[in-house]
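To keep things clear, I will list the structure first and then write my remarks on it.
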Amino acid sequence: QKEVEQDPGPLSVPEGAIVSLNCTYSNSAFQYFMWYRQYSRKGPELLMYTYSSGNKEDGRFTAQVDKSSKYISLFIRDSQPSDSATYLCASTTGGGNKLTFGTGTQLKVEL
Amino acid sequence: EAGVAQSPRYKIIEKRQSVAFWCNPISGHATLYWYQQILGQGPKLLIQFQNNGVVDDSQLPKDRFSAERLKGVDSTLKIQPAKLEDSAVYLCASSRDRANTGELFFGEGSRLTVL
């Protein structure tokens, strides 16, 4: 079983839709949860960062972590074509330990 | 602030040949990482440096891969001899400190094709 599982998609939505991206994880020691966005032929860039359980909002993006169910979510409101990218969830225990990524979900927002 | 620089961006070699990738992290970032990203998969950590010391190389195939970070700044990743399954994007990343709370800054990657 992979430590971080993610549906690879692809996911195609119309412009303006609300997008929900999800991951599950198996390591109870994970404390830090991230969403990275990766455009084609580019490196990942940090989009959202959450410590422990709870919600975090940044503009059109909301990250949600439920440690009781080991579930990580990213919501994108009013999706735009510029949101078309691969979204990678990632987790770590912190303390210098490695970051474990999911496989990424490919999102396409169509006009 | 300049980002993480990597070169070359693209490399095509035949199996059993060797290849080297170079990375220059963000100035002042103590921790440097090399990740391997195979098509359709998430990045997998190969090696993590803190300054010029190795913190984690548990997933580095040491029979063919080597990496060094001289003077705690630039780093090189070498593959010798390359195999077909080494075809991937090699991503270099850096972070400010070793706490590794997940805030990594990635370069654009070096795409390797092994024929």
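Contact residues in the stretch B:65-106 (at least 40 Å² less accessible area with all protein chains than alone, 1.4 Å probe): B:100, B:101, B:102, B:103, B:106.
Let me know the Kirkwood hydrodynamic radius for the protein assembly as shown, please, with Cα pairs as the basis and the value in Å to one decimal. One decimal place: 18.0 Å for the Kirkwood radius.
Measuring nothing but protein heavy atoms, the accessible surface of chain B at 1.4 Å probe radius is 49 percent carbon and sulfur.
Couplings for the stretch A:86-101, taken from phi via the Karplus curve 6.51 cos²θ - 1.76 cosθ + 1.60 with θ = phi - 60°, read 9, 10, 10, 8, 8, 9, 8, 7, x, x, x, 7, 5, 8, 10, 9 Hz in order; Gly and Pro are left as x. On a per residue basis, chain B carries 49 Å² of accessible surface, using protein heavy atoms and a 1.4 Å probe.
Here the stretch A:43-111 is treated with +1 on each Lys and Arg Cβ and -1 on each Asp and Glu Cβ, and its dipole about the Cα centre works out to around 280 debye.
Compactness ratio for chain A: Cα radius of gyration over 2.2 N^0.38 Å (N = residue count) comes to 1.01. Close amide H contacts of residue B:46 (hydrogens built in the peptide plane, cut-off under 5 Å, sequence separation of 5 or more or a different chain): B:34, B:35, B:36. Solvent exposure of chain A, expressed per residue, is 47 Å² of accessible area, with all protein chains present and a 1.4 angstrom probe. List, by residue number, every residue in the stretch B:34-57 with a reduction of 50 Å² or greater in accessible area between the chain on its own and the complete protein assembly, 1.4 Å probe. Residues of the stretch B:34-57 that lose at least 50 Å² of accessible area once the other chains are added: B:43. Leaving out ligands, DNA and RNA, calculate the buried accessible area for the pair B and A with a 1.4 Å probe, summed over both sides, in Å² to the nearest 100. By this definition, chains B and A bury close to 1800 Å². Measuring nothing but protein heavy atoms, the accessible surface of the stretch A:1-53 at 1.4 Å probe radius is 49 percent carbon and sulfur.
Projecting the Cα atoms of A:44, A:10, A:80 onto the charge dipole of chain A, computed from C-beta unit charges around the Cα centre, puts A:44 farthest toward the positive end.
The values are calculated or read from the model by the stated rules, or taken from the named source; none is laboratory data. Here the structure is a predicted model, which means the values were calculated and not measured. Heads up, the Cβs are rebuilt from the backbone with ideal geometry, glycines too, and the neighbour counts pull from every protein chain shown. In case anyone asks, the SASA skips ligands and DNA or RNA and just uses the protein heavy atoms, side chains included. Shrake-Rupley method; radii C 1.70, N 1.55, O 1.52, S 1.80 Å.
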